[in-house]
Amino acid sequence: MGRCGDQFPIFLVGCPRSGTTLLQSMLAAHPAIASFPETKFFFYGVPQYEPKRQAFGMVSRQLNPWLREFFTEHLKRPELLQSLPRIPLMSLYLKKMIGILESLTKEQGKSIWLEKTPEHLYYVETIEKLIAGVRFIHIVRNGADVVASLYEVTHKYPKPWKGALDIDRCIGRWLEAIPLSDRHLQKPNHTLVRYENLVEEPRSTLVKICDFLGIEFDDSMLDNFGSVAQQVSMDEAGRSVGSKIKSTNSQKFYEIFDESQRQYILNRISAIDLDRLNSKAN
């Protein structure tokens, strides 16, 4: 099991286009918290469809090509590639990755690192088994707005999203993600954040998150998140955050889809009640 010194790591997860980058930027503006572009470590590292590698505790063949891209293009620290293990064991790679994130955190003069990869929601159990003391923040957003945002961004930036998503696939991403978060919300190391609360009442929402993390709220979380966002967001994938908090809820939904499409989407997502999810987490 990986260790993270005296501090706990934080994983921020949720359906893509639910406000993960905004919340990441706010948290990383805290004097104690460092963050980075999405590592996608478990997304590319877990050999889900490579049974032999899985049986021997090895990383997926997809991990090394991704890490080359991550350290070179996204983190802009290609020299860190030289320290990666030559033996493709998950235990060795994870230990080295944790060490790198801890070192980067210390370089920033901070003590806690935050990893934000939305798709790590699918690997919560794996992460909990492999990393001691980990804490998870789940962010959820109104389904219609997520579908509209996913549809728009994947058509505008199809390459980093591996192709434009049709309406059904956008709906499917949200319908998959919410029950996955729901499964973990009664664990003491998990908490839930509603995107709508974050943009409407940012200070009180961040105070609650800080209470969960055992740290003091700091005004820099609201004052400096815009500049921090430039360091952690992946603009080429449409993941960018401005210097002001603004909600585009419902606006895109009505701009992008016609009446029949809107009704179809609302019917498909109607089975999930986010208010029930929120009350369960509190």
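The values are calculated or read from the model by the stated rules, or taken from the named source; none is laboratory data. In this text, all values refer to a predicted model and were calculated from it rather than measured experimentally. As a convention, Cβ positions derive from the backbone with ideal geometry for all residues, glycine included, and neighbour counts pool all protein chains shown.
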How many residues are without any contact (Cβ under 8 Å) to a residue 24 or more places away in the chain, part of a helix (DSSP H, G or I) and in contact with a Phe, Trp or Tyr (Cβ under 6 Å, 6 or more places away or on another chain) when one looks only at segment 13-62?
1
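Taking helices (runs of 4 or more DSSP H) that fall entirely within segment 183-227, which contain at least 1 residues that are loosely packed, with under 15 Cβ neighbours inside 10 Å and in contact (Cβ under 8 Å) with a residue 60 or more places away in the chain?
Numbers: elements: 195-200, 202-213, 220-223.
Filter on segment 183-227 gives 220-223.
Name the single residue, out of those in segment 153-167 being over 19 Å from the mean Cα position of the chain (by Cα) and exposed (fewer than 12 other Cβ atoms within 10 Å of the Cβ), that is modelled with the lowest pLDDT.
Lys159
Specify the residue that is surrounded by the most Cβ atoms within 10 Å (Cβ to Cβ); the eligible residues are those in segment 21-44 that are hydroxyl-bearing (Ser, Thr, Tyr) and in contact with a Leu (Cβ under 6 Å, 6 or more places away or on another chain). Spell out how you get there, then give the answer.
Step one: list which residues in segment 21-44 are hydroxyl-bearing (Ser, Thr, Tyr), which gives 21, 25, 35, 39, 44.
When the remaining residues are screened for being in contact with a Leu (Cβ under 6 Å, 6 or more places away or on another chain), the result is 35, 44.
Values: Ser35: 26, Tyr44: 21.
Only one residue tops the list, namely Ser35.
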Identify all residues within segment 234-282 that are at pLDDT 70 or above and among the hydroxyl-bearing types (Ser, Thr, Tyr); write none if there are none.
Ser250, Tyr254, Ser260, Tyr264, Ser270
Among the residues that make up segment 223-234, is at least one of them under 27 Å from Pro160 (Cα atoms), among the hydroxyl-bearing types (Ser, Thr, Tyr) and out of contact with any His (no Cβ under 9 Å at 6 or more places or on another chain)?
yes
Taking the residues in segment 53-67 that are within 20 Å of the chain's Cα centre (by Cα) and closer than 21 Å to Leu104 by Cα as candidates, determine which candidate is surrounded by the fewest Cβ atoms within 10 Å (Cβ to Cβ).
Trp66
Condition set part of a strand (DSSP E or B) and of a type outside the set (Asp, Glu), scope segment 96-134, selection nearest to Lys40 (Cα to Cα): answer is Lys116
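Just one of Pro118, Pro202 is under 30 Å from Asn224 (Cβ atoms) and in contact with a Pro (Cβ under 6 Å, 6 or more places away or on another chain); which is it?
When all the criteria are applied, what remains is Pro118.
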What number goes with the only condition from (1) in contact with a Leu (Cβ under 8 Å, 6 or more places away or on another chain); (2) within 27 Å of Tyr151 (Cβ to Cβ) that Phe71 does not pass?
(2)
Residues (closer than 15 Å to Ser103 by Cα, in a helix (DSSP H, G or I) and of a type in the set (A, V, I, L, M, F, W, C)) located in segment 63-88:
Phe71, Leu80, Leu81
